[in-house]
Amino acid sequence: MSDASLDPGLDPDWDDFRRWGAKIAGDLADHYAGLRDGPAWRPLPAHKKAQFYGQPVPREGLGFEAAYAEARELIVPHMQGNVHPRHWGWVAGSGAPMGVLGEFLGAGLNPNCTGSNHAATYTELQTLGWLKELLDFPAEATGLLVSGASIANLLGLACARHRAAAHHDSDWDLRQTGVYGGPRLMIYGSAEAHSCIQRSAEIFGLGRDSFRRIGTDAHYRMDLEALKRAIAEDRAQGHVPAAVVCTVGTVNTGATDPVEAIADLCQAENIWMHVDGAFGALAWLDPRRRPTLKGLQRADSLAFDCHKWLYIPYDIGCVFVRDPDVHYETFGVTPPYLSATRQGLSDSPFFFGNYGLDLSRPFRAMKLWMALKANGADAFARSIARNIDQGAYLAGLVEAHPKLRLGAEAPLNVVCFRYLAPGLDPAAEDALNRDLLEQLQASGRATPSMTLLDGRFHLRCAITNHRSRDEDFDILVDEVVRIGDRLLAQRA
Ligand SMILES: *Cc1c(COP(=O)(O)O)cnc(C)c1O
C-alpha cells in the first residue's frame, strides 16, 4: 500500500487552508461590522434546528466549503448575541477581536500547556505576571488560567480547605484522610455569593450546610457583625472556620463586601480570605474604584474571569494563590511519567498540572497575550471605566423615569430595575415585567436578563460590553417603556 492511500485526509491542501482561514476572518469582520444594525438575538427557528440537530454523525466528509456553508446558514446567525452592543444579560463578555485572533493562533499551534519546557508555558507565566501587575497582586503568588471563575473559586477554596486542616492539626493530612480526619470545616460567604461557592462546598464533601450564608446590609454587602457571630458560634461548636469568601462585585447588584474589614478579620482570626472577584476585581483598573476595593491584594486566593470584564473570548478565568507552598501542597502529585528532567522538553519551568485539576490544558494565554500586546492594557481599563459610567448613566435614566424603578443602588456596572404598573398588585406587576423581558429579548432590540430582588422580578443589565454606547441605554429605556405600556394597556 502506498503512503497516499493510508493518508486519513485530515490535513488539507495548505493553499486551501489559507483561503478558508481568510474566508472565516472576512465573514467575521462583516459580522462585527454589521452588529449594530442587526438584532441582539435571533432565535433559532424550528425548521433550521431540525436541519442540524439530532442528525446522525457524518461518516463521509462534505469538505470544508459545504460544511462551512451549513454552519453559516444554520449556526452563525443564531448565537447568544453577547457580542452585540445591546447585550447585557447575565455577565457576558463581548469578546475583543485581538483575542479572537490570538485564540485562532493558539488553537492552531495546539501545545499542551501542562507546563513543559516551551514558549507557551512562558506565555502563560508572562500573562499571569501581567495580571498580577494590573491588579497589584503580590508577585510571588502562584496562579493559573482556568476555564472560568467557577473553577477558579473551587481551586482557591480547595487550598483554603487544605490549609485549614493542616493548620488545625499538623497530623491531619486532608489529602490522606479527607474531611473525616478532623472536625467540620466551615466556609462563609454572603447571601449574595455566587452559586458556584455552594457547589464547591458540596463537591468538597463538606455539604452545603457547611457553607454559611451571612446576611447582608442595605447595600447587599456582607454584614460583618453577623459574620463574626457565625465564626464565634462555629468555633464554640468545635468546628473549624476554613475560609471567608469576600465577593467583589455580586452578580445580583454589583455590590462589594467590605474588603478591608474582612481582610482584618481573617488576619485576626487566622482564616483564609478568598475573594470572588469574577468580574468586579477588574474594576481595580479604574482608579476611582480603588477605595472600595482596597484590601483585595490581601486575599489568600483570588478568583476572577478574563472572559467577562476583560473582554477576552471564552473561556478564560484565573486564580491566584498567595502562598505557593499551600497551592502546591493542595494539588501536587507527580507520577514517574510526569517527572521533570534537568534538560530537554521535560525541564519544566512551572508545572501547571500540579496547581489545579487539569493536566492537559489549552493555550488560553495566547489570546490574552495577543489582546494585551496589541491593544494595550490601558484600552481595556478605559473600556471598564466607560462601562462603570454607563452603569451610572442607565441608573440615572431609570431614576428619572416616572414609569421605572431601580431595584437596588447600582454602585458598579449592574443595574436592576422594573416597569411600574400602577393598579396591579405585586404578583401581577412581576408577571408583566416577565412578559416584558421575554418580548424585549424576542424583539432583538436589547437582551438584558432577570433576577429577583427581595422576591420581586427585575430586569437586570450587567454592563461588561466594550461595544455599548450611551445611546444604547436610551434605546433600552425607550423600548422597555414602550413594551411595558402596551402590556399594561392589554391588562387594563
Ligand atoms: C460569573 C461569576 C462566577 C462564575 O464564573 P464562570 O466564569 O461563569 O464560571 C462566579 N462568581 C461571580 C461573582 C460571577 O459573576
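The values are calculated or read from the model by the stated rules, or taken from the named source; none is laboratory data. Note that the coordinates shown come from a computational prediction; the quantities given were computed from them, not determined experimentally. Note that we place each Cβ from the backbone using ideal geometry, even for glycine, and neighbour counts take in every protein chain shown. When the accessible area is computed, the model is the full protein with side chains, heavy atoms only, and any ligands, DNA or RNA have been set aside. Shrake-Rupley method; radii C 1.70, N 1.55, O 1.52, S 1.80 Å.
Some notes on this structure:
- Unique match (being touching a residue at least 24 places away in the same chain (Cβ under 8 Å), over 30 Å from the mean Cα position of the chain (by Cα) and surrounded by fewer than 10 Cβ atoms within 10 Å (Cβ to Cβ)) among G61, G9: G9
- If the condition is being more than 28 Å from I384 (Cα to Cα) and at pLDDT 95 or above, then the stretch 407-423 contributes L420, A421.
- Within the stretch 74-92, considering residues that are outside any loop (DSSP other than H, G, I, E, B) and more than 16 Å from the ligand (Cβ to nearest atom), the one most open to solvent (accessible area, probe 1.4 Å): V76
- The stretch 104-134 - residue that is surrounded by fewer than 20 Cβ atoms within 10 Å (Cβ to Cβ) and of a type in the set (A, V, I, L, M) and, of those, farthest from the ligand (Cβ to nearest atom): A119
- Answer residue from the stretch 279-308, given it is assigned to a loop (DSSP other than H, G, I, E, B) and open to solvent by less than 10 Å² (accessible area, probe 1.4 Å) and is nearest to the ligand (Cβ to nearest atom) among those: F279
- Qualifying residue in the stretch 325-334 (condition: modelled with pLDDT under 95 and more than 23 Å from the chain's Cα centre (by Cα)): yes
- Scanning the stretch 268-293 for residues that are under 21 Å from N252 (Cα atoms) and β-branched (V, I, T) turns up V275, T292.
- The set of residues in the stretch 309-334 that are open to solvent by less than 40 Å² (accessible area, probe 1.4 Å), within 16 Å of the ligand (Cβ to nearest atom) and assigned to a loop (DSSP other than H, G, I, E, B) comprises W309, L310, Y311, I312, P313, I316.
Residue by residue, here is whether (1) more than 16 Å from C246 (Cβ to Cβ); (2) open to solvent by less than 70 Å² (accessible area, probe 1.4 Å) holds:
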{"site": "L174", "(1), (2)": "yes, yes"}
{"site": "P183", "(1), (2)": "yes, yes"}
{"site": "H194", "(1), (2)": "no, yes"}
{"site": "I203", "(1), (2)": "yes, no"}
{"site": "R208", "(1), (2)": "yes, no"}
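- Among residues that are closer than 17 Å to S150 by Cα, within 19 Å of the chain's Cα centre (by Cα), free of Cβ contacts under 8 Å to residues at least 24 places away in the same chain and within 14 Å of the ligand (Cβ to nearest atom), S195 is included.
- Against the criterion of being open to solvent by less than 70 Å² (accessible area, probe 1.4 Å), of a type in the set (D, E) and closer than 30 Å to G89 by Cα, D37 does not qualify.
- D27 being of a type outside the set (V, I, T) and either open to solvent by less than 100 Å² (accessible area, probe 1.4 Å) or modelled with pLDDT of 95 or more (or both): yes
- Residues of the stretch 367-377 satisfying the condition of being surrounded by fewer than 16 Cβ atoms within 10 Å (Cβ to Cβ) and touching a helix residue (DSSP H, G or I) at 6+ places or on another chain (Cβ under 9 Å): K373, A374
- Number of positions in the stretch 380-439 that are open to solvent by 10 Å² or more (accessible area, probe 1.4 Å), of a type in the set (S, T, N, Q) and over 17 Å from H466 (Cβ atoms): 1
- Answer residue from the stretch 467-486, given it is open to solvent by 50 Å² or more (accessible area, probe 1.4 Å) and of a type outside the set (K, R) and is nearest to the chain's Cα centre (by Cα) among those: D470
- Looking only at residues of the stretch 12-24 that are part of a helix (DSSP H, G or I) and open to solvent by less than 90 Å² (accessible area, probe 1.4 Å), we find that the one that is nearest to E65 (Cα to Cα) is W20.
- Residues in the stretch 179-192 that are away from the ligand (no atom under 16 Å from the Cβ) and small (G, A, S): G181, G182.
- Any hit, the stretch 38-59, residues being among the polar types (S, T, N, Q) and not in a helix (DSSP H, G or I): yes
- Members of the stretch 233-257 found to be assigned to a loop (DSSP other than H, G, I, E, B) and within 16 Å of the ligand (Cβ to nearest atom), listed by number: G249, T250, V251, N252, T253, G254, A255, D257
- Test: residue in the stretch 145-155 that is among the hydrophobic types (A, V, I, L, M, F, W, C), outside any loop (DSSP other than H, G, I, E, B), more than 16 Å from the ligand (Cβ to nearest atom) and at pLDDT 95 or above: no
- Filter result (open to solvent by less than 80 Å² (accessible area, probe 1.4 Å) and of a type outside the set (F, W, Y)) within the stretch 64-73: A66, A67, A69, A71
- Check on R161, open to solvent by 20 Å² or more (accessible area, probe 1.4 Å), in contact with a Leu (Cβ under 9 Å, 6 or more places away or on another chain), within 16 Å of the ligand (Cβ to nearest atom) and part of a helix (DSSP H, G or I): no
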